[in-house]
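Some notes on the structure that comes next.
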Amino acid sequence: MNNNSIIFKIIKKYIDELSFKLSTVAKDSIGFEDSLTTITNLVGEEPHDFFKGEKGALKNFGNPTILFNDLKKSTDLIKELEDKNILYYYSYYMYYSSKMLSEILDAFDAKIVECTGDGHYSILQNMDNLVADKIKREYSYFCEFLCETEKFENYLNAFDHKENSFIDNRSHLLDVDKIIRKLFFYIFAYFNIEINKLLPKGMSKKFLMRVGCATGKCQIMRIENSHIRQDKLIGSVVHKSAHQASGKI
């Protein structure tokens, strides 16, 4: 592991936190450190309010980079965990992996916009040279550390070919979107390889995170009333990033 990688340190922190939580949950009430009050308010406060007091519920983003991630066959995974009476594995996984993702995105001046239940839409608005260089540097660390390991090969083999075919494509290393997609696939691979070891023996489903990334025109819409305050991304680039993750394009 490269000691210069801030991302490795973040992932390791959340692997340790989730591992500890799953090892103690039988002795504990199933709860989180934060309040369990039901509020749908993903980005409505500083520092991640995209509207910042502006009037209106729709605005243009220009041409941002949209990052999408979701769990492969999450419904099947949830069903198997329910059958084993350990659904809390999924709950804690989503809780800690979401916190991990948000902290990693902070390092790239990026933000989560939507939670889909089994994944997220995130946005990178300020892709300047400094951020791009940081992404490329972290990507090179992961390539060096993870890509040649047998554990990664076994993890990769659990995906359909169309879902992971982009990993073997080395002809676009100057394409920042493809580098971002690979980097976050590697980030979740490193995290999931360790977390999957904590699943009970005999589990047929594992935590497998798919990733897509595309840049293009995009708008953001805020839905707000007494029940909900949530931002949603609008644009074909949003669907493109999701379709990439599932191997449709």
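The values are calculated or read from the model by the stated rules, or taken from the named source; none is laboratory data. All of these numbers come straight from a predicted model, not from anything done at the bench. Please note: Cβ atoms are built from the backbone with ideal geometry, for glycine as well, and neighbour counts cover all protein chains shown.
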Unique match (being modelled with pLDDT under 95, more than 30 Å from Tyr139 (Cα to Cα) and not aromatic (Phe, Trp, Tyr)) among Lys79, Lys52, Lys21: Lys52
Set Ile179, Ile249, Ile223, Ile167: member being of a type in the set (A, V, I, L, M, F, W, C), over 19 Å from the mean Cα position of the chain (by Cα), over 27 Å from Glu82 (Cβ atoms) and surrounded by 13 or more Cβ atoms within 10 Å (Cβ to Cβ): Ile249
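So that you can scan it fast, the table gives a plain yes or no per residue for (1) at pLDDT 95 or above; (2) of a type in the set (Asp, Glu); (3) surrounded by 15 or more Cβ atoms within 10 Å (Cβ to Cβ):
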| residue | (1), (2), (3) |
| --- | --- |
| Leu67 | yes, no, yes |
| Asp133 | no, yes, no |
| Phe145 | no, no, yes |
| Asn157 | no, no, no |
In segment 50-65, the residues that are in a loop (DSSP other than H, G, I, E, B), in contact (Cβ under 8 Å) with a residue 40 or more places away in the chain and surrounded by fewer than 16 Cβ atoms within 10 Å (Cβ to Cβ): Ala57, Asn63
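Condition check ((1) within 16 Å of the chain's Cα centre (by Cα); (2) of a type in the set (Ser, Thr, Tyr); (3) within 19 Å of Ile6 (Cβ to Cβ); (4) not in a loop (DSSP other than H, G, I, E, B)) across all residues:
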| position | (1), (2), (3), (4) |
| --- | --- |
| Leu67 | yes, no, yes, yes |
| Glu80 | no, no, no, yes |
| Tyr92 | yes, yes, no, yes |
| Ser102 | yes, yes, yes, yes |
| Val113 | yes, no, no, yes |
| His120 | yes, no, no, yes |
| Leu130 | no, no, yes, yes |
| Lys134 | no, no, yes, yes |
Residue in segment 32-46 that is crowded, with 16+ Cβ neighbours inside 10 Å, under 22 Å from Arg210 (Cβ atoms) and at pLDDT below 90 present: yes
Matching residues in segment 113-130 - criterion: being among the aliphatic types (A, V, I, L, M) and crowded, with 20+ Cβ neighbours inside 10 Å: Val113, Ile123, Leu124
Segment 86-111, residues that are surrounded by fewer than 19 Cβ atoms within 10 Å (Cβ to Cβ), touching a helix residue (DSSP H, G or I) at 6+ places or on another chain (Cβ under 6 Å) and among the aliphatic types (A, V, I, L, M): Leu87, Ala107
Neighbours by Cβ (under 6 Å, 6+ apart or cross-chain): first from segment 75-100, in contact (Cβ under 8 Å) with a residue 12 or more places away in the chain; second of a type in the set (Asp, Glu): Tyr96/Glu17
